[in-house]
């Protein structure tokens, strides 16, 4: 074992994969980083992959790992041009859970085809799903045209640079939440040039004309994408105890919902929801809903930058009470929990 700790990157690179993995495991156990930091730049893809895995394990264990970029390959072409409309990627609406799906592609330099990617990112846990495959430009262009023509799903079409940026922010959240990035996912992210970025972007400050929009912010819950937003499962469960108290009394529902919203929207959650609503404003703009976009922008600024209650925040809880305003409200809320969207059910568009 001690001999393993004296080996150089060149020596390990000459070993079979199984033996190299054994050496790297010894370095991880000893919390030593210099060998995997050097080996990650190996031209041998299997050895570089093993080194990336070791570095991730070291970082997860609290070791200080240098920001070493793996060796580049000549198999992936430069990012597609922003003007290449047919090569744009897509971002789904943000779910009430903070998850959204990404679907995008990158050309392969030598193979003549493209790599397609599907990912799910969470604004709390980071990248939770990441898959890739190969196809050709014609197939991908056809799929993008189909997505533009469909009416049952709202999407934002963006250049790959934007998606790489979103993945970089999500990657940092993986580290914060200790959500594992498997070696294969790490390899795909490296090929795309994804690097950790600050996910704590700030929503712009309040504007002078926001007050009127904020007063009408409950209307955002009429939009199909936000209509599905609900409080988290634990809060819905707790609401079952209050449902009978406010049954068939709109005024009591409103008051109790405002009380629950005030307790729910902590400073940290205000920032999370402010970013979610701001992102929905982008989607509304992209789908030609100017009024809803303006309402979302103003609401996001208010939620992000103040501690005040708002019709938008209250309506999040009013919706749950309204759905439970029938006999056996506790049972109905349990049914609602079962139907609430969850990250694993969110699927990025697939190529036909």
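Laid out as a table, the results:
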{"read-out": "Counted residues, the stretch 243-258 - those being without any contact (Cβ under 8 Å) to a residue 24 or more places away in the chain and over 12 Å from residue 318 (Cα atoms)", "value": "1"}
{"read-out": "Single match in 143, 176, 169 (criterion: crowded, with 16+ Cβ neighbours inside 10 Å and either in contact with a strand residue (DSSP E or B) (Cβ under 7 Å, 6 or more places away or on another chain) or within 30 Å of residue 310 (Cβ to Cβ) (or both))", "value": "169"}
{"read-out": "Residue 22 being under 22 Å from residue 190 (Cα atoms) and either surrounded by fewer than 14 Cβ atoms within 10 Å (Cβ to Cβ) or modelled with pLDDT of 85 or more (or both)", "value": "no"}
{"read-out": "Residue match in the stretch 240-259 (condition: in a helix (DSSP H, G or I) and within 19 Å of residue 202 (Cβ to Cβ))", "value": "no"}
{"read-out": "Total residues in the stretch 1-19, condition in contact with a helix residue (DSSP H, G or I) (Cβ under 7 Å, 6 or more places away or on another chain), surrounded by fewer than 17 Cβ atoms within 10 Å (Cβ to Cβ) and in a helix (DSSP H, G or I)", "value": "2"}
{"read-out": "Residue within the stretch 282-290 that is more than 29 Å from residue 125 (Cα to Cα), touching a helix residue (DSSP H, G or I) at 6+ places or on another chain (Cβ under 9 Å), at pLDDT 80 or above and not assigned by TED's automatic domain parsing to the domain that holds residue 91 present", "value": "yes"}
{"read-out": "In the stretch 146-161, the residues that are assigned to a helix (DSSP H, G or I), in contact with a strand residue (DSSP E or B) (Cβ under 8 Å, 6 or more places away or on another chain) and either in the same structural domain as residue 284 (by TED's automatic domain parsing) or touching a residue at least 40 places away in the same chain (Cβ under 8 Å) (or both)", "value": "147, 160"}
{"read-out": "Any pair with Cβ under 9 angstrom, 6 or more apart, that starts in the stretch 275-299 at a residue that is without any contact (Cβ under 8 Å) to a residue 12 or more places away in the chain and ends at one that is in a helix (DSSP H, G or I) and surrounded by 23 or more Cβ atoms within 10 Å (Cβ to Cβ)", "value": "285/296; 290/284; 291/284"}
{"read-out": "Hits in the stretch 259-274 (condition: touching a residue at least 40 places away in the same chain (Cβ under 8 Å), over 19 Å from the mean Cα position of the chain (by Cα) and closer than 14 Å to residue 316 by Cα)", "value": "260, 261, 262, 264, 265"}
{"read-out": "Checking residue 208 against (1) in contact with a helix residue (DSSP H, G or I) (Cβ under 8 Å, 6 or more places away or on another chain); (2) in a loop (DSSP other than H, G, I, E, B), the condition it does not meet", "value": "(1)"}
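The values are calculated or read from the model by the stated rules, or taken from the named source; none is laboratory data. In this text, all values refer to a predicted model and were calculated from it rather than measured experimentally. All Cβ positions, glycine included, derive from the backbone under ideal geometry; neighbour counts span all protein chains shown.
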